[in-house]
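The values are calculated or read from the model by the stated rules, or taken from the named source; none is laboratory data. Here the structure is a predicted model, which is why all the values come from computation and not from measurement. With ideal geometry, Cβ positions are generated from the backbone for all residues, glycine too; neighbour counts draw on all protein chains shown. Remember, those area values only see protein heavy atoms, side chains included, never the ligands or the DNA or RNA. Shrake-Rupley method; radii C 1.70, N 1.55, O 1.52, S 1.80 Å.
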Amino acid sequence: MPLDLRSSPIRAARALGAMALGVVMVLGPAVTTANAETAPTPTPTPTGAPSPSTTRRAPDNPFTGPVGGLALGTKGVVVDPKAAQVPPAVDASSYVLADLDTGEVLAAKNAHLARPPASTLKTLTAVTLLPRLDKRARYTATQADANMIGSRVGIEAGSAYTIDQLFYGLFLPSGNDAANALGNAAGGVPTAVRMMNDEARRLGAFDTHVVNTSGLDEPGQVSSAYDLALIARTGMARSDFRRYATTLRYNFPGRNGKTYQIQNLNKLLGHYPGAIGVKNGYTTKARNTLVGAAEQNGRRLVVTLMSTGAPSWQRAATLLDWGFTAGAKVKPVGTLVSADDVAREAAARATPTAPAHQPGLADSPKATTAPDPALSPATATAPSDMRPSAAVIPEQLQRMPIWLWLVGFVFVALASMRVYSHVRSRRGGPA
């Protein structure tokens, strides 16, 4: 029915006010909804998700999941659930027990946990520098070499040593002075550190970051039980590495042409049947660390422990015993990757037509289609019949802020009062 302002001015004013209020109530929420739909939605952090520090991945790591297999990313001990006997409990933050020849991981605990490596890092020093240095070459020690703290072989500034002698000093007494001297012989410690980091990436040791050649505690210097195992596997494939790692005693050059005996600090050698290396370590931050290897009945195993108690060789021995007995019948939980594995994975990811496989991604057409709106609320677009209020409002009006709608309401209300006053004055009533 048409509105007659002259016949009912009060009702007309009320009607106009109600219309203005109705417009604001209808269009205001519509604009708010439309603006909310176009605003970015923050991504919630899943409850219980690992912190960024535990999931950080090296930018040049071509593997999409935990290196060596998904199971190796599990916290705590991981072993074949059908194993007749579980590995013995050891008080270590992490460990890895693997077949030295096949690379199969038989059992592990926090395999990729990054920890200070102490002198077990010297295995990477050797793996990196052995192919690059002539063992017959002579090196004249500097005062900086002689001043190294911690365990030392006893080199003296100004004295000349062969590279071969320095490697004995690196392995047997775990000489930090020998480690520094070898770094200088390779072009300087910073150069050697850069080469060690490059070698770690080439081998697949992506948990490892090197700051010095000795393994002494420094901020940012870390490795993992997994990385130390694959580094040791690479080293034990070299005859010179094995020779240094298994030597119990060596006559090191001293003053006036004399020699003195140095001894291997790895107590696994000489105490465990079939022990063939590799390297022990200790610092206040790292606690005891150990890379051990042994051979029995034609089978070779490697075990790595980080942040364990003393004597570390006894902890290693219990794991090796399990590996040679019950471990011989278990299904592997992972593998130690090789440099070839890393190169193949990197090449596969670099080829657009053959992207690397992502663990957990279904091999079906659904993997390449648009995401399900129910799973992606921030990006989903609701059907038009689900949003009638926004559909009937021009885009320009949808972008108007709410305060403009309030101003419009006040204007309409004042206009209604003005109409009411005008009608009353025309009829002769009080203004």
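Tabulated data
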quantity	calculated
Any hit, segment 301-310, residues being modelled with pLDDT of 95 or more and open to solvent by 60 Å² or more (accessible area, probe 1.4 Å)	no
Residue match in segment 259-272 (condition: under 31 Å from the mean Cα position of the chain (by Cα) and in contact (Cβ under 8 Å) with a residue 60 or more places away in the chain)	no
Residue in segment 111-120 that is on the phi < 0 side of the Ramachandran plot, assigned to a strand (DSSP E or B) and touching a residue at least 40 places away in the same chain (Cβ under 8 Å) present	yes
Enumeration of residues in segment 227-266 that are of a type in the set (S, T, N, Q), more than 11 Å from Tyr168 (Cα to Cα) and part of a helix (DSSP H, G or I)	Thr234, Ser239, Asn256
Cβ-Cβ under 8 Å pairs, at least 6 apart or on other chains, segment 227-242 side among the hydroxyl-bearing types (Ser, Thr, Tyr), far side in a helix (DSSP H, G or I)	Thr234/Val127; Thr234/Leu203; Thr234/Ala339
Exclusive hit being within 29 Å of Pro59 (Cβ to Cβ) and touching a helix residue (DSSP H, G or I) at 6+ places or on another chain (Cβ under 7 Å), set Thr304, Thr308, Thr335	Thr304
Single unsatisfied condition, Ala108 versus (1) in contact with a Leu (Cβ under 7 Å, 6 or more places away or on another chain); (2) surrounded by 24 or more Cβ atoms within 10 Å (Cβ to Cβ); (3) under 19 Å from Thr283 (Cβ atoms); (4) touching a residue at least 60 places away in the same chain (Cβ under 8 Å)	(3)
Selected residue [open to solvent by less than 40 Å² (accessible area, probe 1.4 Å), farther than 22 Å from Gly277 by Cβ and polar (S, T, N, Q)] from Asn176, Asn180	Asn180
Residues within segment 149-170 that are surrounded by 14 or more Cβ atoms within 10 Å (Cβ to Cβ) and over 29 Å from Tyr95 (Cβ atoms), tallied	10
Hits in segment 134-160 - residues which are more than 36 Å from the chain's Cα centre (by Cα) and under 19 Å from Asn264 (Cα atoms)	Gly154, Ile155
Complete set of residues in segment 316-342 that are surrounded by fewer than 21 Cβ atoms within 10 Å (Cβ to Cβ), more than 18 Å from Thr304 (Cβ to Cβ), touching a residue at least 24 places away in the same chain (Cβ under 8 Å) and within 28 Å of the chain's Cα centre (by Cα)	Lys331, Ala339, Asp341
Residue match in segment 128-138 (condition: more than 21 Å from Ser239 (Cβ to Cβ), modelled with pLDDT of 95 or more and either in contact with a helix residue (DSSP H, G or I) (Cβ under 7 Å, 6 or more places away or on another chain) or not in a loop (DSSP other than H, G, I, E, B) (or both))	yes
Number of positions in segment 72-85 that are in contact (Cβ under 8 Å) with a residue 12 or more places away in the chain and either over 20 Å from the mean Cα position of the chain (by Cα) or on the phi > 0 side of the Ramachandran plot (or both)	7
Qualifying residue in segment 262-276 (condition: modelled with pLDDT of 95 or more, open to solvent by less than 10 Å² (accessible area, probe 1.4 Å) and of a type in the set (Ser, Thr, Tyr))	no
Residues located in segment 286-300, provided they are under 15 Å from Thr318 (Cα atoms) and open to solvent by 50 Å² or more (accessible area, probe 1.4 Å)	Glu295, Gln296
Residues located in segment 212-258, provided they are aromatic (Phe, Trp, Tyr) and within 37 Å of the chain's Cα centre (by Cα)	Tyr226, Phe241, Tyr244
Pair list, Cβ under 8 Å, 6 or more apart: segment 194-211 residue farther than 15 Å from Ala229 by Cβ and assigned to a helix (DSSP H, G or I), other residue of a type in the set (D, E, K, R) and open to solvent by 40 Å² or more (accessible area, probe 1.4 Å)	Met195/Arg132; Arg201/Asp60
Residue list for segment 98-127, restricted to those being of a type in the set (A, V, I, L, M, F, W, C) and either modelled with pLDDT under 95 or under 20 Å from Val211 (Cβ atoms) (or both)	Leu113, Ala114, Ala118, Leu121, Leu124, Ala126, Val127
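For every residue, the table says whether it meets (1) of a type in the set (Val, Ile, Thr); (2) at pLDDT 95 or above; (3) part of a loop (DSSP other than H, G, I, E, B); (4) open to solvent by less than 20 Å² (accessible area, probe 1.4 Å).
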{"site": "Pro50", "(1), (2), (3), (4)": "no, no, yes, no"}
{"site": "Ser53", "(1), (2), (3), (4)": "no, no, no, no"}
{"site": "Arg57", "(1), (2), (3), (4)": "no, no, yes, no"}
{"site": "Asn61", "(1), (2), (3), (4)": "no, no, yes, yes"}
{"site": "Thr64", "(1), (2), (3), (4)": "yes, no, yes, no"}
{"site": "Val67", "(1), (2), (3), (4)": "yes, yes, yes, yes"}
{"site": "Leu72", "(1), (2), (3), (4)": "no, yes, no, yes"}
{"site": "Ser93", "(1), (2), (3), (4)": "no, yes, no, no"}
{"site": "Val96", "(1), (2), (3), (4)": "yes, yes, no, yes"}
